[in-house]
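Here's the structure we're looking at; comments come further down.
The values are calculated or read from the model by the stated rules, or taken from the named source; none is laboratory data. Predicted model, so just to flag it, every value in this text is computed and none were measured. Don't worry about glycine lacking a Cβ; one is built from the backbone with ideal geometry, like all the others, and counts go over all protein chains shown. All accessible areas refer to the heavy atoms of the entire protein, side chains included, with ligands and DNA or RNA removed. Shrake-Rupley method; radii C 1.70, N 1.55, O 1.52, S 1.80 Å.
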Amino acid sequence: MRLCSEYADRVYQVRITSLEQARNSKGLLLVFTDITEIKRLQEKLEQQAYYDELTKIYNRRAFLQQSEQDFQEAKDTGLPFTVLLMDIDHFKRVNDTYGHHIGDQLLVHVVNACQTQLLEGRHFFARYGGEEFVIALKGFDEAEGEILANQLRTAIEQAPLMTEAGSLSATLSIGVAEVVDWTEETLYQLLHKADTALYAAKEEGRNRVKVYAASEGILS
């Protein structure tokens, strides 16, 4: 429990024990234990385990854990399930030219710009590693995923980052893939398809969205 007034920032565990006294009188023994530091440590460990330290969004571990559950729920209920895998184009060039501190600013900038296009609770957004990000879309098909991907790509393209070195433009390459065969596909296979589409987007010149057409085994 949490207490008010001057104890508002403290967390206490309360244990209640019934007491039997002489002449059948009864009472309760309440023992308050301050567990504030334990709670803060738990929250810190959870933050480190599931959130990316730089961008403050979910990390790869959290994404895989939550998406496995969402993937199974979509399979059980017959909902579509789509993933977007996206990469900041020429990010290494940014680090090499301006330094890693500017690269970090760009990562945060891209996350903030993307979040303006995402729906909380419906789009599961995470840093997948390095300059790569992933979004799980339970209940969205590939056509809807492609629309969202282009919204994200346009948002980044039209919002340059202002740095101490001047204006810095960035673009995204994005791969989109939807589950087609629930009897065969796994989350990891779906991510592989999205990665294949992402690679194709980069091969074709970057700053574009490619959709993996699993039914035909080709990219569209």
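Determine, yes or no, whether residue 185 is touching a residue at least 40 places away in the same chain (Cβ under 8 Å) and either closer than 29 Å to residue 78 by Cβ or open to solvent by 20 Å² or more (accessible area, probe 1.4 Å) (or both). In short, no.
Residues that are modelled with pLDDT of 95 or more, touching a helix residue (DSSP H, G or I) at 6+ places or on another chain (Cβ under 8 Å), in a loop (DSSP other than H, G, I, E, B) and not basic (Lys, Arg) within the stretch 187-219 comprise just one, 207. The single condition from (1) of a type in the set (Val, Ile, Thr); (2) part of a helix (DSSP H, G or I); (3) open to solvent by less than 70 Å² (accessible area, probe 1.4 Å) that residue 83 fails is (2). When 137, 161, 148, 172 are checked against the criterion of being over 30 Å from residue 78 (Cα atoms), at pLDDT 95 or above and within 21 Å of the chain's Cα centre (by Cα), 172 stands alone in meeting it.
Checked against the criterion of being modelled with pLDDT under 75, assigned to a helix (DSSP H, G or I), open to solvent by 80 Å² or more (accessible area, probe 1.4 Å) and of a type in the set (D, E, K, R), the candidates 92, 44 yield just one match: 44.
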